[in-house]
Each structure stands twice: as C-alpha cells, then as structure tokens.
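Report on one structure; see the data block that follows.
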Amino acid sequence: MSTIEQLHGVFARAFEIPVEAVNDELEYQAIAEWDSMSHLVLVEELESTYNIAIEMEDILEMGSVAKIKDILKKYGFEIN
Amino acid sequence: MELYDLIRKNEKLIFTDSGTGISKSIAEMHQSLEIENLRSVVFIYNDNQLPAIETLLNFYQSRYTIALLGMGLLEDFKENLEQKYTPYYIYDPTRTAIEGYSAVKASDTIILFKRNVNLIYPIHAKTKLLLSTSGTTGSPKFVRLSDANLVQNAKSIMEYMPIKTDDVVPLNVPINFVYGLSIFTTNCIKANKIVCTDKDAFQKEFWADFKKYGYSTLGGVPYFYEMLYSIGFFKKDHPSLRYLTHTGGMLNQKLIEAIAEFSEKFDKQFFAQYGQTEACGRMAYLPPKDLLRKGTSIGLPVKNGKFEIDNETDELIYIGPNVFGGYANIRADLQFFEQQEKLHTGDKARKDDEGYYYIVGRIKRIVKLFGVRLNLDETELLLKDALGGQTFICLGINDKHLAVMYTDQNLNKELILKVLKAKLNLHASSLKVIFIEDVPLTPNGKVNYPLLKESLEVSYA
C-alpha cells in the first residue's frame with residue numbers, strides 16, 4: 001500500500017465514506033461526514049495508524065486533507 | 001409577550017453575525033419583518049445565524065406560535081411535519097421552493113415561505129413555543145411551552161448565572177435545543193452582545209472570534225468539553241472568559257479535574273446544570289465551588305423549583321413554574337395547554353445529606369449521544385419502517401453507545417448502520433449493531449429491556 005492509499009484509508013474509516021471520495025480538497029465541516037464528532041475519531045485514527053501523538057495546536061490546523069498531509073510531514077511522514 | 005418585553009428593555013443589546021460581520025441592534029430588529037397579523041403557526045428552521053434570530057424575535061412578539069426546529073433536519077422529515085401542522089409561514093433558507101407555499105420577501109434580507117391556503121384551527125392562548133422532544137428523529141411530538149414558562153426559567157437561571165451587562169456571548173449551542181434557548185433568553189435580557197456563529201471549537205475561526213469579540217462565556221454538552229480538552233483549552237488563561245456552563249449529563253473524572261484546576265488557577269466559574277425540554281430549560285445547577293467535592297451531582301434545584309423523589313421508583317420529580325403544558329402529537333393538540341404541576345423526569349435520583357441531588361439511572365427510554373437526547377422507541381420504529389418491518393430493539397449503553405439488536409439473520413449489518421447514519425446522522429463509533437437469536441421477554445410478554453441492558457452494560461463496560 002502506498003503512503004497516500006494508507007492516508008486515504010484513515011479518512012475513509014474516520015468519516016465512513018468510500019476511499020474514492022477522499023481527495024486533497026476535502027475540508028472540515030464542508031461535508032456532512034467531517035464534523036466535530038468524526039474529527040475526534042480522525043485524530044485517534046491518525047495517532048494509532050502513524051503511532052504519533054498529535055500536538056494540540058496541530059488539531060486546530062487540521063482543516064483539510066492537504067493541511068493534514070503538511071502536518072504529517074512535521075511528524076516525519078512524507079505522503080505521496 | 002413578557003419575554004420579548006424583557007429583551008426589548010435591554011436597549012444596548014446587539015447581535016453580530018460572525019460570518020458577515022453585520023450587526024443589528026434589538027431596536028433595528030423590532031418588527032423588522034413584514035408578516036401578516038394572524039394567530040397561526042410558524043416553522044423556523046434554525047441555524048443560529050442572524051436572519052434566523054431576527055425571524056424568531058419578530059414572530060415571538062407577534063401572535064404566532066413558533067415551532068423551533070434544527071435547519072439540518074432531513075427534508076422528508078420536514079415535509080412530514082409541515083403536512084401534519086400546516087404552518088402558515090416557514091423560514092428555511094436551505095430550500096428554494098415548498099409545495100403549497102410561495103416565497104415572500106419579509107425584508108431586504110429575509111425570505112419566508114407563506115402558505116397559499118390559510119387553514120384556520122384553534123391554538124391555545126398560552127401555547128407560544130413548540131420544541132421537539134428529540135432533535136433528529138423527525139418525530140411530530142412537540143413540547144408545548146408558554147411565554148410564562150420561558151420568563152420564569154430565565155429569571156431562575158439569572159439568580160445564579162453571573163451574567164453582566166457588558167458580556168459578549170457566542171451562540172455556539174443551537175437555540176432549537178432548550179439549553180441553547182436558555183443561554184439565548186437569559187443573555188438577551190441582560191448581556192450586551194450576542195455573536196451568531198456556526199463555527200465550532202475545532203475551527204480556527206471560532207478562536208479568532210473568541211479573541212476578536214472577547215467572549216465572556218462558553219457553554220456546551222460534555223462532548224464540547226471533550227473538544228476543549230483535546231485542544232488544550234484548559235492549560236492556559238483566556239482573559240475575557242469569566243464562566244463556563246454545561247448540561248446534558250455527567251462529565252468524566254478526567255474532565256472534572258481539568259476544569260476544576262482551570263477554574264481554580266485562572267479564577268473562572270463552571271456551572272454544571274440539569275434540565276429538560278419539558279422544564280423549559282434548567283431544573284438544577286451545581287454551584288461552582290462544589291465541582292471538585294460533588295462533581296457527579298446535578299446540584300440543587302433552581303430558584304422557585306423543588307424536587308421530590310418517588311418513594312417506590314426513585315424517580316426524580318420536579319415542581320416549578322417552568323414545567324410545560326403537555327405534548328402535542330397532532331395539530332389538534334395545539335388548542336390545549338395543560339399546565340402540569342409536576343414533571344416526571346424519567347431519571348432516577350438520590351439526595352445526599354447536604355441536599356444535593358444525583359442522577360443514578362433512567363426510567364425513560366432514551367439515550368444521550370453527544371449530549372443529544374435520542375428516543376429509543378422512535379429509533380426502533382424508524383428502523384422498522386426503513387428496513388421493511390423487522391423487529392429492532394434499541395438500548396442505550398452508558399450514554400456512550402446506541403445498541404441496536406436485530407433478530408432476522410438475513411438483515412445486513414452494514415445496511416442498518418447506513419440507515420442510522422442517513423436518518424439520524426449517527427457515527428458508527430457510537431453504534432453497536434448486534435444480532436440476537438431470541439428476544440428475552442418479561443412474564444407479561446414485553447421485551448425485557450432491563451435484562452438486555454444489564455448484559456450489554458457488562459459486555460461493553
């Protein structure tokens with residue numbers, strides 16, 4: 001599995017949407033599935049998948065798929 | 001309308017829309033909409049934005065009875081409710097057309113739908129506001145509330161809530177929930193600025209607004225406090241903030257400790273509260289000083305209210321001027337308003353030596369997921385209707401999960417999850433869908449819910 005497939009899988013699980021529906025443009029609160037409840041689930045999924053502890057200030061920055069990729073880079077995960 | 005008069009008297013009250021930056025004073029919103037002077041029903045689908053608030057205030061001071069509903073309600077649920085109650089006006093900016101209605105311009109900024117054929121039916125003089133008993137199942141069951149109910153509860157809350165005349169208050173709880181409504185009414189009566197917002201605590205804009213406007217208070221259900229905790233809110237001071245309010249169930253020990261430490265260190269007050277739609281808002285609050293000592297208590301009754309505990313069932317019973325005037329299930333029920341003396345809360349409680357009350361269980365068939373009440377019988381019916389008549393048994397597990405049990409092996413678990421998600425917007429992480437072979441029954445042939453509940457709570461503890 002490529003790193004991008006892995007990441008898209010995380011989103012698909014957290015939001016309960018098909019993996020094909022995940023793309024860079026997805027934004028928090030722009031789709032019904034990405035609400036504050038699933039955001040907490042997403043944080044947990046990311047933390048367990050990458051075995052990281054996401055800093056609190058980063059949680060507020062996680063406003064889109066693209067931004068989350070940037071944040072993962074900070075934690076040492078290059079997604080491409 | 002006494003509530004409106006109290007709000008109107010607060011002359012410096014201003015409403016600001018965080019999204020557009022537009023502000024309107026209470027005087028500017030007074031009779032700002034062109035509406036026909038009728039005794040009828042209006043449906044307001046609320047999103048806490050300035051136009052919804054302006055519509056609410058206009059209809060409140062008129063002769064109309066208002067049904068306040070969430071804007072996000074599914075469209076077929078909306079249509080079903082509209083057919084049942086035939087409102088004369090509808091405020092719903094999410095729709096461009098409604099059958100049997102014409103769009104009319106009520107002001108430069110607000111469009112209403114007006115019914116083409118006006119049906120006349122009796123509405124009791126006291127029936128002013130209708131709130132849904134469950135926010136999302138689309139049930140036609142409304143709680144009938146009077147202007148006096150709202151005024152009495154606002155006054156009781158203002159006895160303990162430290163609202164100041166220069167406060168800035170965000171509407172971050174939907175006002176179609178009674179808790180959000182009580183934040184709205186009390187602060188409209190006394191505070192200075194109400195910020196209309198649809199941003200939540202996970203959005204940077206919310207915190208930018210927090211700083212920009214200098215929020216004096218925040219409120220939310222336990223889940224909101226989970227969000228605050230996850231972003232480290234309790235680790236630093238927020239100078240404009242003086243107090244926090246809560247309702248919707250007990251906080252866990254981790255949150256109680258974090259909030260107690262935060263309040264102590266930065267001199268903030270935290271008000272845990274207990275309420276129900278049927279009580280038009282709050283019934284009890286825990287004084288901030290008792291948080292660490294009695295964190296799991298709902299506290300003491302609000303002013304002019306009192307509790308009794310039923311000797312046989314342990315059910316908590318509330319008596320006070322804010323108790324509702326009965327339910328409406330159909331339009332004909334609007335002609336009645338039966339002021340109830342006592343409210344049977346459906347919760348089991350105990351009282352300690354110092355007079356503080358604790359909720360120890362629940363008699364009513366509801367679960368609270370993310371602080372929002374979900375009626376279990378309605379959920380069972382909804383699944384039955386959606387999936388073709390099979391039997392479903394719904395139970396709450398510790399207010400964390402909704403357990404859905406089914407007995408038909410041919411049913412697909414994924415499909416059940418899909419229906420729950422589509423109809424009730426429930427996330428799979430809060431659902432347990434379980435196949436059971438036999439339904440345990442009580443001696444008189446009813447589903448043995450207590451037995452099922454016990455085994456579930458053991459399995460998922």
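The values are calculated or read from the model by the stated rules, or taken from the named source; none is laboratory data. Everything numeric in this text was worked out from a predicted model, so none of it was measured. Glycine also receives a Cβ, built like all others from the backbone with ideal geometry; neighbour counts cover every protein chain displayed.
In table form, for the structure just shown:
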| quantity | calculated |
| --- | --- |
| Of all residues in region A:14-38 being in contact with a Ser or Thr (Cβ under 9 Å, 6 or more places away or on another chain) and assigned to a helix (DSSP H, G or I), the one that is farthest from A:Val65 (Cα to Cα) | A:Met37 |
| Residue match in region B:23-35 (condition: assigned by TED's automatic domain parsing to the domain that holds B:Asn192, at pLDDT below 95 and out of contact with any Gly (no Cβ under 9 Å at 6 or more places or on another chain)) | no |
| Residue in region A:63-75 that is within 14 Å of chain B (Cβ to nearest Cβ), assigned to a loop (DSSP other than H, G, I, E, B), more than 11 Å from the chain's Cα centre (by Cα) and surrounded by 17 or more Cβ atoms within 10 Å (Cβ to Cβ) present | no |
| Condition check for B:Phe142: of a type in the set (Phe, Trp, Tyr), under 30 Å from B:Asp209 (Cβ atoms) and assigned by TED's automatic domain parsing to the domain that holds B:Asn329 | no |
| Filter pass, B:Lys453 being within 26 Å of A:Arg13 (Cα to Cα) and basic (Lys, Arg) | no |
| Residue match in region B:200-208 (condition: among the polar types (S, T, N, Q), more than 28 Å from B:Leu6 (Cα to Cα) and either more than 10 Å from every other protein chain (Cβ to nearest Cβ) or outside any strand (DSSP E or B) (or both)) | yes |
| Pairs with Cβ under 6 Å, 6+ apart, first in region B:346-358 and without any contact (Cβ under 8 Å) to a residue 40 or more places away in the chain and farther than 18 Å from B:Asp290 by Cα, second surrounded by 14 or more Cβ atoms within 10 Å (Cβ to Cβ) and among the aliphatic types (A, V, I, L, M) | B:Gly346/B:Ile363; B:Asp347/B:Leu316; B:Asp347/B:Ile359 |
| From the options B:Leu119, B:Leu130, residue that is within 16 Å of B:Val41 (Cα to Cα) and buried (at least 21 other Cβ atoms within 10 Å of the Cβ) | B:Leu130 |
| Subset of region B:175-196 (residues that are outside any strand (DSSP E or B), under 19 Å from the mean Cα position of the chain (by Cα) and not aromatic (Phe, Trp, Tyr)) | B:Ile175, B:Asn176, B:Val178, B:Gly180, B:Leu181, B:Ser182, B:Ile183, B:Thr185, B:Thr186, B:Asn187, B:Cys188 |
| Of all residues in region A:8-51 being within 10 Å of chain B (Cβ to nearest Cβ) and of a type in the set (Gly, Ala, Ser), the one that is farthest from B:Lys199 (Cα to Cα) | A:Ala14 |
| Any hit, region B:224-241, residues being assigned to a loop (DSSP other than H, G, I, E, B), under 25 Å from the mean Cα position of the chain (by Cα), within 30 Å of B:Asn322 (Cα to Cα) and in the same structural domain as B:Glu159 (by TED's automatic domain parsing) | yes |
| Index of the failed condition, A:Ile59 passing every other in (1) in a helix (DSSP H, G or I); (2) within 9 Å of chain B (Cβ to nearest Cβ); (3) surrounded by fewer than 17 Cβ atoms within 10 Å (Cβ to Cβ) | (3) |
| Per-region count, region B:26-44, residues among the hydroxyl-bearing types (Ser, Thr, Tyr) and out of contact with any helix residue (DSSP H, G or I) (no Cβ under 7 Å at 6 or more places or on another chain) | 1 |
| Filter result for B:Gly219 (at pLDDT 95 or above, surrounded by fewer than 21 Cβ atoms within 10 Å (Cβ to Cβ), away from every other protein chain (no Cβ under 13 Å) and within 27 Å of B:Thr165 (Cβ to Cβ)) | no |
| Enumeration of residues in region B:278-304 that are part of a helix (DSSP H, G or I) and among the basic types (Lys, Arg) | B:Lys289 |
